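I have placed the structure first, in the form of structure tokens, so that the comments after it can refer back to it.
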Amino acid sequence: MNTLVRWARAEWGALYRAVRGALVKRRWWAAPMTLGVVCLTGVMQVVQNQSWGYRVVQDVGAVRAEDPLWLALLRTPLSLFVPALDLPVWGALAQVLLVFGIAEMCLGWWRTLVVAYVATLAGTLYARVGIALGPDHPIGLPAQDARVVDTGPSAAVVGLAVFLGWRYGAYVTAGAVIVAMVVEVALKENLAGKEHLAAIAAVLVLCAVAAVRGRRRQRRSTAPSGCASGLPPSHSSRARRGRAQRRSWR
């Protein structure tokens, strides 16, 4: 039991402290953007199930690979909040509330939206590439997938989970999410599963960019301070490494 507790603290300790700090400081206002997203997703679900509202939601938030690219890009931001009709809406709402909420408390609302939209846009663009490659290509898609309506927060949720795992040292959790998505594609090869992998790939690029920026800031900040403090630069670098990592995406 002690071993399991130590592992949990090492895996989720930093993430837990960040979430707890935000809740203690701001309480119910710790994640206002997330609450707004949950409400918007709920409204979209209600409207699209009305006889008068289905076409409205489709016109403003439904993305298909067969659509003109400019139209797909225009609809992509709102498509994130349109629940898929063939899945229970409570699943989408629970995903948004949990993952978006944690991300907003840890990253801030605008960083959360950036990661979410990068992941969603990666999936949207991949669909076009996959259909162009064709079903015989390892990452290709059949032509009929061009007519599949591509909406929902799942790609954003997967991307945010991976980014949070990397940012706060929960590498096992991030790896588990990636493995789960690979297994999903292996067991049920469909458009949504492959879009999730495209979202993960795009978020991993974001992680790499943030890591490079963090190392550059670390080098700039530690070189003079190590000399000024009288410590060898290597000692100063080790002392600031954690802080530089946390500042890497500010």
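Numbers below:
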{"read-out": "Signed unit charges on C-beta, dipole axis of segment 2-246, positive-most listed residue P68, V19, L78", "value": "V19"}
{"read-out": "Three principal axis lengths of the chain [C-alpha, angstrom, descending]", "value": "71, 45, 42"}
{"read-out": "Contact order relative to length of the chain, as percent, for alpha carbon pairs under 8 angstrom and 6 or more apart", "value": "19 percent"}
{"read-out": "Peptides ranked, highest mean first, by Cβ atoms within 10 Å: ranges 189-201, 119-131, 53-65", "value": "119-131, 189-201, 53-65"}
{"read-out": "MRE, 222 nm, helices only [DSSP H, n ≥ 4, -39500 (n - 2.57), over the chain, to nearest 500]", "value": "-24500 deg cm²/dmol"}
{"read-out": "Scaled radius of gyration (Cα, divided by 2.2 N^0.38 Å) that segment 7-95 gives", "value": "1.45"}
{"read-out": "Segment 136-230: relative contact order as a whole-number percent, Cα under 8 Å and 6+ apart", "value": "28 percent"}
{"read-out": "Pairwise centroid distance, computed over Cα atoms, of segment 1-37 with segment 164-223, Å", "value": "20 Å"}
{"read-out": "Two-decimal ratio, segment 73-204, of alpha-carbon radius of gyration to 2.2 N^0.38 Å", "value": "1.02"}
{"read-out": "15 Å tail of the calculated P(r), segment 47-114, as % of Cα pairs", "value": "63 percent"}
{"read-out": "Within the chain: Cβ-based charge dipole about Cα centre, in debye rounded to nearest 20 (Lys, Arg +1; Asp, Glu -1)", "value": "2120 debye"}
{"read-out": "Computed magnitude of the charge dipole of segment 1-91 (debye, nearest 20; Cβ of K, R +1, Cβ of D, E -1)", "value": "760 debye"}
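Every read-out reported here was derived from the displayed coordinates using simple, explicitly stated rules and does not represent laboratory data. Everything quoted here is computed from the prediction, not taken from an experiment. Because the Cβ atoms are built from the backbone with ideal geometry, glycine has one as well, and the counts that use them run over all protein chains shown.
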